[in-house]
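Colleague: Pasting in a structure now, in structure tokens, and then I'll have a few things to ask.
The values are calculated or read from the model by the stated rules, or taken from the named source; none is laboratory data. Note that this is a predicted model, so its numbers are computed, not measured. With ideal geometry, Cβ positions are generated from the backbone for all residues, glycine too; neighbour counts draw on all protein chains shown. What goes into the accessible areas is simple: the full protein's heavy atoms, side chains included, and nothing from ligands, DNA or RNA. Shrake-Rupley method; radii C 1.70, N 1.55, O 1.52, S 1.80 Å.
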Amino acid sequence: MTDTDTAEIGMGVTVTKTGETGAFGGELLTINFGPHHPSTHGVLRLIVDLDGEQVKRLKPVIGYLHTGIEKQMEALRWQQGVTVTDRHDYLSPPINNLAYALAVEKLMGVDVPPRANALRVIMSELTRLSSHLVWMGTSGLELGAMSMLMYCFRERDTILDMNEEISGYRMHTSYIRPGGVMADATPRFLDLLEKFIVAMPGHVDEYEDLLTMNPIWRSRTIGIGRLSAEDAKVLGASGPMLRGSGVAWDLRKQMPYSGYEGYEFEVATSDMCDCYGRYLVRIKEMRESVKILRQALDRLPDGPVNVDDRKMLPPPREELETSMEAVIHHFKLFTEGYSVPPGDVYVAVESGRGENGCYVVSDGTHKPRRVKFRAASFVNLQPLERMAMNHMVADMVAIIGTADTVLGDVDR
Amino acid sequence: MGLEALAESMGQNILTTSLGKLIGWGRGNSVWPAQFGLACCAIEMIATATAGVDIARFGSEAFRASPRQSDLMIVSGRVSQKMAPILRTIYDQMPEPKWVISMGACASTGGVFNNYALLQGVDKIVPVDVYIPGCPPRPEDLLNALMILQERIKAQGITPRQ
Amino acid sequence: MISENLIVDRGVSAGDNWITIAAESAHEALSSLKEEGYRLLVFLTCVDHLADSSREWPSRYELVYQLRNMDSLEQLRVRAFVDGDPPHVDSVSDLFPPGNWDERETYDMFGIVFENHPDLTRILMPDDWVGHPLRRDYPVGGEVVEFSEEHETWQTAPDKA
């Protein structure tokens, strides 16, 4: 191949001739998208073989955001690891915290108090909402609905304000920790949550007014990126990718955790199996999340938000002034940390993207032997070739968009 | 003959300094960032462009998809060893004069990830003008950094990198 | 049904059922488990037991396959111990398509060679990277943090390596 067979056409896109002939008599071209192409939702690189404008082969190249999170966790103590879990799927930090916290608690045989469980559910649902809002805003933007970004980020900001109120941080809250949660909900948080629950269904109606019957949105998504229920199951897809193909699989229903069995909600599914179906699933999920929030807030139990175990969590500030034992516990906890009994455990929770799991191996020391994150996006990205096959390049953008991969989650 | 070379040949005089002020004012109020998101900070960067914070008030709402049309690179997030050469290529593709904002702890120092996979600070491969602390910084922090950069650009005159 | 002579050991860890199989029979055992109904490979990974004194390990690397039956909601963890440099094991990506990338990741991070894998290349690290980062004798890396005692231990391999 000579140099003239490869040309760079800007935006990180290069074109190479393959020498093969396509169905329309033209030559197949290899196109390189990314990894900084604006429509690939982060640093995803795609190598696509095109016949005319039709996708004939597609190979995602990942790893451009590989952060070494799993290695880093091995070098951190059990309670320090929470900070790092926030940052792998950066659109749903509390859900990542939850998977890790549940795994550590299961290994230690600890049960958290009911109020902690309810607060965990509240934070998980708020996160699911904010993650879906970011998805809808950015996907809308990519398919030409600029105003969606403005509407969605407005509500996302109110969720982040609540995060800030309860944990002091907008995005990476580290709020859910092994043994409970960081702190109790403040009255202002509950007040903000009440207002949010009242306002949110109206906002979802607003989004639906803008998109559901919008002819441009419909023609860009209906029939695009089909993934049959059987394929979705075989390829291991989870979350809205699987439910958008008509499979009613939601870990909150199928394998409940943190008291989800006590809440009434429906599993959103759609039989359309295409990008539009996945959009409908997410809209429905947002409505169901608001329902769960309503129930959780109405019957928020009183009581402590942490386990009463001085070996695992620091003593309250007042105790440090009167009790020598408390000072010792405090010192030990912050110099050595606690150790977890040897063994391994896998816990999966449902994030906005699908099954977000955490596999933890302990060798009995105060640092994990191995922490593996089962990332939903990593698995959901693999059917991309099957979905994009024989579609146009522009449809590929819609397909990547509705797969809702977070590259931090893919590469970890 | 470029503008910079012309200014150099003329030396410092009343014409070039007044022209420098005008050009600095123009450049400072129309800094176009490259649309280059990496990780968590990219989401806050998008939030900066939305109605609530509105970066358009400072003339920087035009996020350009092509590096050849942009003046500012906001390194928004962690830079992995695999991404580093690509980031440098994008920087090289941007026309002079160009500026870099290192957004967040990861881009500035590696943040909480002190390990094999990440570049410990993007200033190892590109010159950085403004660093923003935070993980991720608030959108207001990004606006503040932009304002600091604007002050600097306005003071620089015709030939920024000297 | 998986025949009993394929199972070396079985037990329960923190409520999760697991079985151990011989690494040579990994493909055979997993295909019979698939026929049994465990049709979803949730994840595949590896654990490096270098200098782990919590108990006696049969070999250094432990491969972990987490399987799920989506109808009966049963989960099963399958372990296989492998050794050697590099360790070899049969690929299961033909049985479970999601295993394709998981195996590439395990190869990238631990250097385990999966036989008959369609495209066993590095997936997360650059193609020219040397070493396998998640092995325990690979340093965490990064830069020295001044006045931190722990950093010394991160940078070096454990004594028993």
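Colleague: Once you put a point 7 Å from the Cα of residue A:325 and another 7 Å from the Cα of residue C:83, both along the Cβ direction, what distance in nm separates them?
Modeller: So the two model labels end up 4.7 nm from each other.
Colleague: Oh, and also: Calculate how many DSSP beta bridges within the protein assembly as shown are antiparallel, expressed in % of all such bridges and rounded to the nearest 5. Can you show the working numbers first?
Modeller: Details: 62 of 81 bridges.
Around 75 percent of the beta bridges assigned by DSSP in the protein assembly as shown are antiparallel ones.
Colleague: Looking at region C:51-144, which GluC sites (Glu not before Pro) are DSSP coil and have at most 16 other C-beta atoms within 10 Å of their C-beta? Show your work: numbers first, answer last.
Modeller: Details: sites: C:56, C:62, C:74, C:103, C:105, C:115, C:143; in loops: C:56, C:74, C:143.
Counting only loop positions with at most 16 other Cβ atoms within 10 Å, the GluC sites (Glu not before Pro) in region C:51-144 are C:56, C:74, C:143.
Colleague: Right, next: Count, for each residue of B:41-50, the Cβ atoms from other chains sitting within 10 Å of its Cβ, then give me the mean as a whole number.
Modeller: Partner-chain Cβ atoms within 10 Å, mean over residues of B:41-50: 5.
Colleague: Now for a separate question. Using a 10 Å cut-off around each Cβ of peptide B:72-79, what is the average number of partner chain Cβ atoms that fall inside? If you can, show how the numbers build up before the last one.
Modeller: On the way: counts 0, 0, 0, 0, 0, 8, 6, 3.
Mean shielding count: 2.
Colleague: Excluding residue A:310 itself, calculate the net charge of residues whose Cβ lies under 11 Å from the Cβ of residue A:310, where each Lys or Arg counts +1 and each Asp or Glu counts -1.
Modeller: Numbers: positive: A:311, A:332; negative: A:308, A:309, A:319, A:325.
Overall, the nearby charge balance is -2.
Colleague: Quick check on packing: order B:138-144, A:243-249, A:369-375, C:66-72 by the mean number of other C-beta atoms within 10 Å, highest mean leading. Present the calculation step by step, with values, prior to reporting the outcome.
Modeller: Numbers: B:138-144: 18.6, A:243-249: 21.9, A:369-375: 24.0, C:66-72: 16.6.
Those peptides, ordered most packed to least, come out A:369-375, A:243-249, B:138-144, C:66-72.
Colleague: Kindly identify region A:48-170 as rounded, prolate or oblate by the Cα gyration tensor criterion: order the square roots of the eigenvalues as a ≥ b ≥ c, call it rounded if a/c is under 1.5, otherwise compare a/b with b/c, prolate if a/b is larger, else oblate.
Modeller: Details: a/c = 2.68, a/b = 1.42, b/c = 1.89.
Oblate is the answer for region A:48-170, as a/c is 1.5 or above yet b/c matches or exceeds a/b.
Colleague: Looking at region B:14-162, what % of its DSSP beta bridges pair antiparallel, to the nearest 5? Can you show the working numbers first?
Modeller: Values: 1 of 12 bridges.
The antiparallel proportion sits near 10 percent.
Colleague: Mind checking which lysines have their C-alpha under 27 Å from residue B:154, skipping anything on the same chain fewer than 8 residues away?
Modeller: Excluding near neighbours in sequence, the set is B:21, B:98, B:124.
Colleague: Mind running the shape call on chain C? Use the C-alpha gyration tensor, a ≥ b ≥ c as the square roots of the eigenvalues: rounded below 1.5 for a/c, prolate if a/b tops b/c, oblate otherwise. List each step's numbers first, then the result.
Modeller: Details: a/c = 2.12, a/b = 1.62, b/c = 1.31.
Prolate, because a/c is 1.5 or more and a/b exceeds b/c.
Colleague: Once ligands and nucleic acids are excluded and a 1.4 Å probe is used, how much of residue C:137 is accessible, expressed in Å² to the nearest 10?
Modeller: Accessible area of residue C:137: about 70 Å².
Colleague: For residue C:13, what residues show an amide H to amide H distance below 5 Å, using hydrogens built from the backbone and excluding near sequence neighbours?
Modeller: C:18
Colleague: Could you tell me which of rounded, prolate or oblate describes the protein assembly as shown, using a ≥ b ≥ c as the square roots of the eigenvalues of the alpha-carbon gyration tensor, with rounded for a/c under 1.5 and, failing that, prolate when a/b is larger than b/c and oblate otherwise?
Modeller: Details: a/c = 1.40, a/b = 1.26, b/c = 1.11.
Judged from the Cα gyration tensor, the protein assembly as shown comes out rounded (a/c under 1.5).
Colleague: With label points built 7 Å along Cα→Cβ from the Cα atoms of residue A:111 and residue C:8, find their separation and express it in nm.
Modeller: A separation of 3.7 nm, rounded to one decimal place.
Colleague: Still on this structure, I have one more. For peptide B:26-38, how many partner chain Cβ atoms fall within 10 Å of a residue's Cβ, on average? Walk me through the numbers before you get to the answer.
Modeller: Details: counts 0, 0, 0, 0, 0, 0, 0, 0, 2, 5, 4, 7, 8.
Whole-number average of other-chain Cβ neighbours for B:26-38 is 2.
Colleague: If the chain between residue A:213 and residue A:53 were fully stretched, how many nm would it gain, using 0.36 nm times the residue separation less the Cα-Cα distance? Write out the running numbers ahead of the final one.
Modeller: On the way: separation 160, 0.36 × 160 = 57.60 nm, distance 2.75 nm.
54.9 nm is the gain from fully extending residue A:213 to residue A:53.
Colleague: Sticking with this one: Mind scanning A:367/B:82; A:233/A:253; A:253/C:34; A:311/A:367; A:106/A:311 and naming the pairs with a C-alpha gap bigger than 21 Å? Spell out each step's value before the answer.
Modeller: Details: A:367/B:82 28 Å; A:233/A:253 17 Å; A:253/C:34 24 Å; A:311/A:367 15 Å; A:106/A:311 16 Å.
Beyond 21 Å: A:367/B:82; A:253/C:34.
Colleague: Which of the chymotrypsin sites (Phe, Trp or Tyr not before Pro) found in region A:20-111 are loop residues per DSSP with 12 or fewer other Cβ atoms within 10 Å of their Cβ?
Modeller: Working: sites: A:24, A:33, A:64, A:78, A:90, A:100; in loops: A:24, A:64, A:78, A:90.
Hits after loop and neighbour filter: A:24.
Colleague: A further question on this structure: Where both partners of a DSSP beta bridge lie in chain C, what percent of those bridges are antiparallel, to the nearest 5? Kindly include the intermediate steps, with their values, before the conclusion.
Modeller: Numbers: 23 of 31 bridges.
Roughly 75 percent of the beta bridges in chain C run antiparallel, per DSSP.
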